[in-house]
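Novice: If you scroll down you'll find the structure; I have some questions about it.
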Amino acid sequence: MNALTPLAEIRAARPAEFPETSRMPSDKFLSIEGIARRYPSPGGKQTTVFENLWLPMRKGEFVCMIGHSGCGKTTVLNILAGLEAPSEGVVIADGKAIEGPSLDRAVIFQGHALLPWRTVLGNVAYAVSSRWRGAAKAEIDERARRAIATVGLAGSENKRPAELSGGMKQRVGIARALAIEPKMLLMDEPFSALDALTRGTLQDEVRRICTETGQTVFMITHDVDESIYLADKIVLMTNGPQAKVAEIVENPLPKDRSRTELHRQPGYYVLRNHLIDFLVSRSKTLRDAPPEGYDQRRPPVVRLTLTEADAAAATVG
Amino acid sequence: MPSHSLNLRAIIVSLAIMVLFLLAWHIAVSGLTKTQAMDPEYAALMGASATTGKSAMPGPVDVASTIWGHLKDPFYDRGPNDKGIGIQILYSIGRVALGYGLAVMVAVPLGFLIGMSPLMSKALDPYIQLLKPVSPLAWMPLALFTIKDSGLSAIFVIFICSLWPMLINTAFGVSATRKEWLNVARTLEVGPLRRAFTVILPAAAPTILTGMRISIGIAWLVIVAAEMLVGGTGIGYFVWNEWNNLSITNVITSILLIGLVGMVLDQILARAQRLVTFPE
Ligand SMILES: Nc1ncnc2c1ncn2[C@@H]1O[C@H](COP(=O)(O)OP(=O)(O)OP(=O)(O)O)[C@@H](O)[C@H]1O
Ligand SMILES: [Mg+2]
């Protein structure tokens, strides 16, 4: 059984022929299993955005996905969120196949998606009251206020989204997602519309909150440094159509890294160069000519070794 | 402050236009044409217009004094053909309120259904397209025949003419609800009913209110014509009756009053629309 087997057979064969998919290791919190997404294209044919995509995720892991525009990152995230159904394959979350949106997986939308007729408190409270139906209003307010305070917006509870800056809106989006205490956080380029300064502070906050609470996160980004700062694992997607997971790169940087000192960390340069190399050239070549022994079901996990630049940086820092 | 001075200048120009208009009106109707010498009996038959050179058209002073007369006692009731203008206008407003209110109760839920269901939207579209362009007054004979009550028929005509703009706008507003807001509701596992009230309705409210504003304008246009047809009471009947009495002052007074009420109704809905519209 290999990656060239027609998908239909794989699907039909599972789980009997792949007992490991149904007996996941307990730390395998989320598992993307052979999903595909196809759109009808003119001429009665179909374009395949990606197919036979496999990706495991552990509990408490921060995973960033990087890839060129149009390779299908948002599609993957929407499938994880349950907002879209895959054309083939399944995603198993917490031992169950994802069949639709769930309060267990909170989404932070790229365009913040706040309800403009509700105040900051109203937006967050809406999520809280959806999570704990029939809870007393005081309790809902209390939880919402706490989430708003967590993202540093205490005092702006009664403002409407139109009165907030872009960064503040995105914070409300984060507060709304955190307030429902999800098992998993899904973020689609949450900071791409923000200026560098605001983006930096929000990255700090997201990292602080996620490490404090051990949140499992799947995040899409275009920003290489953002992924190095935030992610435990960086998933590299090749160009579309028929995008593949080229590699899963483990982040060698220490857990207690700080954003401003990132470039002084050992391992920073080798990781950064690897990611940029990928985006510049290998994202294209790896799709058409996958390396020897490449198996879509088990994308290669890459651990990087230090370069001289890193070693030099480490001694300076 | 340029905008301030613009407002000020606009007010001054408005007032100037009014003064010019009143002056022109006054001059146009006051006795400038020469009178002919005639037999006094004939002159009595011809009335003031022929004998004194005064136009049959009332001047602004006449109208002002008539308005003052109406204002002093708007709500008198001396039998079916002599009711105060206030009572008449209340009859009209009452009819509009009833017909329009019924239309709101039908159009908003139905529009919601159409907007949420592509099937219903496609299925009902031919009927809406067919019925929308029909002049509301064309329904009158049918209404009179089936309802057999002139007052109710007028209300029905108001209902029919208010229905379409609200129905179409509601359906459009609902179907145009931003996908990301719906996705927020979906990821929060919000049920369909709660989603309708907490996401779709507020999102569509400005568009619905636009439809309601168009409808109230049409309803107020139509009620005057409808009342002219059905008679009995109402400002439309009043206008027609005063025309038959050749009381042009009363007709002009009514025109002003109809305009004023229409403006107030429109402003009420414009304010309501501002209340439900939130910038992003
Ligand atoms: N409704 C649709 N119909 C047809 N093709 C679609 C549709 N939605 C998305 N696609 C295609 O799917 C591909 C992946 O889209 P997706 O939005 O997931 O890309 P992405 O990786 O998130 O890109 P970006 O980085 O620009 O956000 C694109 O090539 C797009 O053309
Ligand atoms: Mg995208």
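Novice: If you take every residue apart from A:TYR126 with its C-beta less than 9 Å away from the C-beta of A:TYR126, what net charge results, scoring Lys and Arg +1 and Asp and Glu -1?
Specialist: With Lys, Arg at +1 and Asp, Glu at -1, the neighbours total +2.
Novice: Across the residues of A:111-121, average count of Cβ atoms on other protein chains within 10 Å?
Specialist: Counting other chains' Cβ atoms within 10 Å and averaging over A:111-121 gives 5.
Novice: So for chain B, averaging the separation of alpha carbon pairs under 8 Å that are six or more residues apart and normalising by length, what relative contact order in percent results?
Specialist: That works out to 19 percent.
Novice: Now, a different point. Provide the buried accessible surface between chains A and B in square angstrom, both chains summed, 1.4 Å probe, rounded to the nearest 100.
Specialist: 2000
Novice: Mind checking A:101-110 for the average number of partner chain beta-carbons within 10 Å of each residue's beta-carbon?
Specialist: Rounded to a whole number, the mean comes out at 3.
Novice: Accessible area drop of at least 40 Å² (1.4 Å probe, protein heavy atoms): which residues of region B:187-202 qualify, relative to the chain alone?
Specialist: SASA drop of 40 Å² or more in region B:187-202: B:THR187, B:LEU188, B:GLU189, B:ARG194, B:THR198.
Novice: Give, as a single signed number, the net charge of other residues whose beta carbon lies under 12 Å from the beta carbon of B:ASN241, with Lys and Arg counted +1 and Asp and Glu -1.
Specialist: Residues near B:ASN241 contribute -2 overall.
Novice: Taking the Cα centre as origin and putting +1 on Lys and Arg beta-carbons and -1 on Asp and Glu beta-carbons, what dipole magnitude results for region B:89-276, to the nearest 20 debye?
Specialist: Computed charge dipole of region B:89-276: roughly 620 debye.
Novice: Moving on to the next point. Too long at a 32 Å Cα-Cα cut-off: which of A:LYS28/A:LYS244; A:LYS159/A:LYS233; A:LYS244/B:LYS179; A:LYS73/A:LYS96; B:LYS72/B:LYS132; A:LYS255/B:LYS179?
Specialist: A:LYS159/A:LYS233; B:LYS72/B:LYS132; A:LYS255/B:LYS179, as the Cα separations exceed 32 Å there.
Novice: In percent, how large is the relative contact order of chain A, given Cα pairs closer than 8 Å and 6 or more residues apart?
Specialist: Relative contact order of chain A: 21 percent.
Novice: Just to confirm my numbers, what's the Cα centroid distance between region A:46-77 and region A:132-195 in Å?
Specialist: 26
Novice: What is the magnitude of the charge dipole of the protein assembly as shown about its Cα centre, with +1 placed on the Cβ of each Lys and Arg, -1 on the Cβ of each Asp and Glu, and no other charges, expressed in debye to the nearest 20?
Specialist: That gives a dipole near 360 debye.
Novice: If you take the C-alpha gyration tensor of region A:105-181, multiply each eigenvalue by 5 and take the square root, what semi-axes do you get, largest first, in whole Å?
Specialist: Semi-axis lengths for region A:105-181 are 18, 13, 11 Å.
Novice: Another one. Ordering B:PHE238, B:PHE156 by how much accessible area each has at a 1.4 Å probe, largest first, what is the list?
Specialist: The residues order as B:PHE156, B:PHE238, largest area first.
Novice: Right, here's the next one. Note down the net charge around B:ILE258, summing +1 for each Lys or Arg and -1 for each Asp or Glu among other residues with Cβ under 13 Å from its Cβ.
Specialist: Every neighbour counted, the sum reads -3.
Novice: On to the next question. Counting only heavy atoms of protein chains, what accessible area per residue, in Å², does chain B have with a probe of 1.4 Å?
Specialist: 57
Novice: Treating only the Cβ of Lys, Arg, Asp and Glu as charged (+1, +1, -1, -1), what charge dipole size does chain A show about its Cα centre? Round to the nearest 20 debye.
Specialist: So the dipole magnitude of chain A works out to roughly 680 debye.
Novice: Label 7 Å along Cα→Cβ of A:LYS183; region A:217-242 residues with amide nitrogen under 18 Å?
Specialist: A:217-219
Novice: May I pose another question? I want to check the label-to-label distance for B:ILE255 and B:LEU113. Put each point 7 Å from Cα in the C-beta direction and report it in nm to one decimal.
Specialist: 4.4
Novice: In addition: Compute the relative contact order of region A:105-181 as a whole-number percentage, counting only Cα pairs closer than 8 Å that sit 6 or more residues apart in sequence.
Specialist: Taking the mean separation of contacting Cα pairs over the length of region A:105-181, I get 48 percent.
Novice: Calculate how many DSSP beta bridges within chain A are antiparallel, expressed in % of all such bridges and rounded to the nearest 5.
Specialist: 50
Novice: Which one, A:GLN170, A:ASN273, A:ASN239, is farthest towards the positive end of the dipole of region A:146-280 when Lys and Arg carry +1 and Asp and Glu -1 on their Cβ?
Specialist: Result: A:GLN170, furthest along the dipole toward the positive end.
Novice: Still on this structure, I have one more. State the three equivalent ellipsoid semi-axes of chain B, derived from the C-alpha gyration tensor as the square roots of 5 times its eigenvalues, in descending order and whole Å.
Specialist: 48, 25, 15
Novice: Calculated FRET efficiency, A:ALA196 and A:VAL302, Cβ-Cβ r, R0 35 Å, to nearest 0.05?
Specialist: 0.80
Novice: Run the accessible area of the protein assembly as shown with a 1.4 Å probe and give the carbon-and-sulfur part as a rounded percent.
Specialist: The computed percentage sits at 63.
The values are calculated or read from the model by the stated rules, or taken from the named source; none is laboratory data. In this text, all values refer to a predicted model and were calculated from it rather than measured experimentally. Cβ: placed from backbone, ideal geometry, glycine included. Neighbour counts: every protein chain shown. For the accessible areas, the whole protein counts, side chains as well, though only heavy atoms, and no ligand, DNA or RNA atoms are used. Shrake-Rupley method; radii C 1.70, N 1.55, O 1.52, S 1.80 Å.
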